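The values are calculated or read from the model by the stated rules, or taken from the named source; none is laboratory data. Computed from a predicted structure; not experimentally measured. Quick reminder, even Gly has a Cβ in these numbers, built from the backbone with ideal geometry, and neighbours come from all protein chains shown.
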Amino acid sequence: MRESSPIDLPQLAEARLQLHYATQLVSAVSHAWLPPRPDGCHLALLWDESGEIQGQTVPGDEPWHAALHLESLSFVCEGQHKRRSISLEGKTLAEALAAAQTLIDDTLGSDSRPLALPDHSLPPHPLADGARFRPVDADAMAIWTDWFDHAAEYLHELRELRADASPVRLWAEPFAM
């Protein structure tokens, strides 16, 4: 846990909004690569204590997944033998989607599928109108990383108490766990 210091609420809000938009890239991978499920669970994401919002594993000869690394605001493509990433900083959402597509194509070689952002209702933000991802405040990202860590830990503990509890998931819309 980080030491307590004054929280810059505008920076915290900006970091959350950029994370919400960036998470759509990971959801786009699930949308393109996983069979749809009536309950939408194919779009569910996972929190990894390494500080990443991870998509579900895409099955195949070499299973892989996409992720968003919070600290660096990077899109990640990780398989059994490869891990590659690109920074989203300085890119528009459309440019980030194209860069994610290229990263996946380069990582997987063949059998790639076109990515498209899911049709999610996102909160208003300049990214929706073509603005570029900006550098995010390190303290704000540390707070969000701690928040996801603690929420996931609590929900996993709660899940152990209930045999009928669903898996702990993170959703790109409404960006909640």
Matching residues, the range 26-41, being modelled with pLDDT under 90 and either polar (S, T, N, Q) or touching a Phe, Trp or Tyr at 6+ places or on another chain (Cβ under 9 Å) (or both) = Gly40
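With the requirement that a residue be within 23 Å of Cys41 (Cα to Cα) and either assigned to a helix (DSSP H, G or I) or not charged (D, E, K, R) (or both), what does the range 118-144 give you? Spell out the reasoning first.
First pass over the range 118-144, keeping only residues within 23 Å of Cys41 (Cα to Cα): 118-123.
Result: Pro118, His120, Ser121, Leu122, Pro123.
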Within the set of pairs 6+ apart or on separate chains, which have a first residue in the range 108-127 that is more than 11 Å from Val29 (Cβ to Cβ), a second that is modelled with pLDDT under 85 and of a type outside the set (Phe, Trp, Tyr), and C-beta atoms under 7 Å apart?
-> His120/Ala172; His120/Glu173; Ser121/Glu173
Counting only residues that are among the aliphatic types (A, V, I, L, M) and under 11 Å from Met141 (Cα atoms), which one in the range 5-25 is nearest to the chain's Cα centre (by Cα)?
-> Leu19
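Within the range 145-169, work out how many residues are of a type in the set (A, V, I, L, M), farther than 30 Å from Glu14 by Cβ and either in contact (Cβ under 8 Å) with a residue 40 or more places away in the chain or part of a helix (DSSP H, G or I) (or both). It would help to see each step written out before you state the result.
First, the residues of the range 145-169 that are of a type in the set (A, V, I, L, M): 151-152, 155, 158, 161, 163, 165, 168.
Pick out the ones that are also farther than 30 Å from Glu14 by Cβ and you get 158, 161, 163, 165.
This time we only want the ones that are either in contact (Cβ under 8 Å) with a residue 40 or more places away in the chain or part of a helix (DSSP H, G or I) (or both), so: 158, 161.
The total comes to 2.
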Does the range 112-130 include one or more residues that are acidic (Asp, Glu) and under 26 Å from Lys82 (Cα atoms)?
-> no
